[in-house]
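Student: Dropping the structure in here first, questions after.
The values are calculated or read from the model by the stated rules, or taken from the named source; none is laboratory data. This one's a predicted model, so the numbers in the text were calculated from it and none came from an experiment. Note: accessible area is taken over every heavy atom of the protein model, side chains too, but ligands, DNA and RNA are not part of it. Shrake-Rupley method; radii C 1.70, N 1.55, O 1.52, S 1.80 Å.
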Amino acid sequence: MKQPGGLVVPEKRKLSVVGAALAAVITLPGCAPAGFDAGAADYGNAAEPASNDVQASPGATEEAVADGADPTAEATAPADPADGGEANTPEISDEVATTELNAAKVARMGSTVQDEDGFVLYRFDKDSDDPAKSNCNGDCAKIWPPAVTNDGEPTLKGVDKSLVGTVTRADGTKQLTLKGWPLYRYIGDKKPGQWKGQNVSGTWFVITPTGTKNLTCLPAVSKPVAPPSGDDTSGEAGSDGSGGDYSY
């Protein structure tokens, strides 16, 4: 489905994704399931029930790894709309709009934020949170569909409302943010609860309910799956089904 500005966004409820992303070798103890097969990695296949009191795993966020900063710090204010204001914001179809942000735990990864269909959401290191800005457009947005919204008021479960905002994308659509970081899905995740986008290109990470990176399980850096070609939003990649040389 094409959205305003030429952005192609897969229909979430009819998502049919390309073969698995290039398999990543798990480097931390406890990341890989018993009998792990690097050629058939199926990260995070068993989701645990969502909880209203889900907290980021201790020692598993980038703040804890980097400098010990408080992951519950005050939310970054969302960026102001681009010139033209609210009146020129394109309307997003119900099938594409992200209407829920739910905290949930998944096997081996722990705390995640998921959309209304149970797909894990991610943040991108090449974006910014202060001010909020998305730098994933074009083919990048085909691989990492942004969590777009019409009203910026998704139903929340286990996510602090004060951390949720929006940012105006280059095409005028509004994207949900968490603690200032724009939110995305990954077309390499075939079904709810998977997190195959973790550490892809060394820049994409599962986001926690407090907006931090979840580093509980960190596979080796891998390439993303290839973007759909032309107007095809089925997620089909090259003939070998492997990822391409994409840096995003």
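Student: At a probe radius of 1.4 Å, what is the per-residue accessible area of Lys190, in Å² to the nearest 10?
Tutor: Ignoring ligands and nucleic acids, Lys190 comes out at about 100 Å².
Student: Further question: So between Val221 and Glu91, what do we pick up on full extension, going 0.36 nm a residue minus the alpha carbon distance? Please list the in-between numbers first.
Tutor: Working: separation 130, 0.36 × 130 = 46.80 nm, distance 3.61 nm.
This chain segment gains 43.2 nm when fully extended.
Student: While we're on this one: Please calculate how many Å² of accessible area region 150-207 carries per residue, with a 1.4 Å probe and no DNA, RNA or ligand atoms counted. Don't skip to the answer; put the middle values down first.
Tutor: On the way: 1670 Å² over 58 residues.
I get 29 Å² per residue for this part.
Student: How are the alpha carbon pair distances in region 116-205 distributed across 5 Å bins from zero to the largest one, expressed in percent?
Tutor: Over region 116-205, the share of Cα pairs per 5 Å bin runs 3, 14, 26, 27, 21, 9, 1 percent.
Student: When the distances between all Cα atoms of region 84-142 are binned every 5 Å from zero, what whole-number percent does each bin get?
Tutor: Reading the bins upward from 0: 4, 13, 15, 20, 27, 15, 4, 2, 1.
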